[in-house]
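Peer 1: Submitted below is the structure of interest, expressed as structure tokens.
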Amino acid sequence: MSDAATALREPWPDLDRQRDGVAVGIWLFIASEVLFFGALFLGYAVYRSLYPEAFRIAGAETEVFYGSVNLLLLLTSSVTMTIAVDAARHGMRRTVIACLALTMLLGIAFLLFKGLEYSADIAKGLLPGAHFPLQPAQTQLFWGLYWVMTGVHAIHLAIGIGIVGVFTLILWRRLQPIESPAIVGVATYWHFVDTVWIILFPLLYLIDRS
Amino acid sequence: MNNSQLRHAHIWLRPTAVWAALVLLGLASLGSAYLPLNAFNTPLNLTIAGIMVILLWLFLMGLIGSDALLRLIAVAGLVWLSFMFALTFSDYFTRACEDQPGRPPAFCVDQKIDRGAF
């Protein structure tokens, strides 16, 4: 039995239809995630419209260098992931595994930079609470949202790294054929995590830079 | 160029082109944030972010060549999101200024509320 035939599952007549089925499932999940992150973006939009001056003061304190490097890392990881998906469709085993591993490494690099950024933020005392260094008090709303939004994003990314890691291992040990349509689900989730960062970047890092 | 090399080139070409466009847009967004555009900085940055998301969803997430059902699901998520924003802001933008201390007067309703009526 060929690898492609092994990858085919009931009730799908062929791998293309099975790939479509995986895509529909993951896109339904992504649509629900859009609303989940949308609620955070909405909270940000409401508070920023209520307290624009406080958000201007608070936003100037974020570490734009780390935010920009992380944007570059995630954009690059989305490209390596796309190449992995296309290569899987053509049965190019080595390219798939190399690109998935590279995607995972870029994700880990993102988290490392995020850790450095968090450490710099904490050193500046930017944790909302009694001794918060910025005024007016509403600056804490920005930093509360910053920690929640970037934290939730980092959790999503960490889950993504875990999924990509396990999937790479499965392919490497030949437990699943390289043509497995599951890679479509893994990739779509990864791209969504990248999407969230593309939106977070201007909201958190590009305030009051001029 | 043999078939295998052509396949390799095809697989790398489009994602790399999209990556270049995304990085350029990211740099444009970062650079424009340092221009003194005042109130236009954020709208411009968000517009660029929107274009980046469209590029990512169409070309890297594969919506451009996908089944109509997938595009419908993606758009449905955004439509419900827009409802959430529209309904919430229709509330906040029509609240009285006195209920929203610190808010610029342009974004609230400047009227006195007769609280005795409630």
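Values in this text are rule-based calculations from the coordinates and carry no lab data. For clarity, every value in this text was computed on a predicted model and none was experimentally measured. Reconstructed Cβ throughout: ideal geometry from the backbone, glycine too, with neighbour counts over all protein chains shown.
Peer 1: Of the conditions (1) facing chain A (nearest Cβ under 7 Å); (2) surrounded by 12 or more Cβ atoms within 10 Å (Cβ to Cβ); (3) more than 19 Å from A:Thr195 (Cα to Cα), B:Pro36 fails just one. Which one is it?
Peer 2: (2)
Peer 1: Go through region A:66-79 residue by residue and tally those that are facing another protein chain (nearest Cβ under 10 Å) and surrounded by fewer than 21 Cβ atoms within 10 Å (Cβ to Cβ).
Peer 2: Final tally of qualifying residues: 3.
Peer 1: Being closer than 13 Å to B:Leu22 by Cα and of a type in the set (A, V, I, L, M) is the filter here; which residues of region B:35-51 pass it?
Peer 2: Matches in region B:35-51: B:Ile48, B:Ala49, B:Ile51.
Peer 1: Something else now. Got a number for residues in region A:193-206 being closer than 11 Å to A:Leu74 by Cα and more than 8 Å from chain B (Cβ to nearest Cβ)?
Peer 2: Count: 3.
Peer 1: From the residues in region A:15-36 that are at the interface with chain B (Cβ under 7 Å from one of its Cβ atoms) and among the small types (Gly, Ala, Ser), which one is surrounded by the fewest Cβ atoms within 10 Å (Cβ to Cβ)?
Peer 2: Going through the qualifying residues, I end up with A:Ala31.
Peer 1: Could you tell me whether any residue of region B:45-64 is free of Cβ contacts under 8 Å to residues at least 12 places away in the same chain, at the interface with chain A (Cβ under 7 Å from one of its Cβ atoms) and over 17 Å from A:His191 (Cβ atoms)?
Peer 2: Within region B:45-64 (the criterion being free of Cβ contacts under 8 Å to residues at least 12 places away in the same chain, at the interface with chain A (Cβ under 7 Å from one of its Cβ atoms) and over 17 Å from A:His191 (Cβ atoms)), the answer is yes, since at least one residue qualifies.
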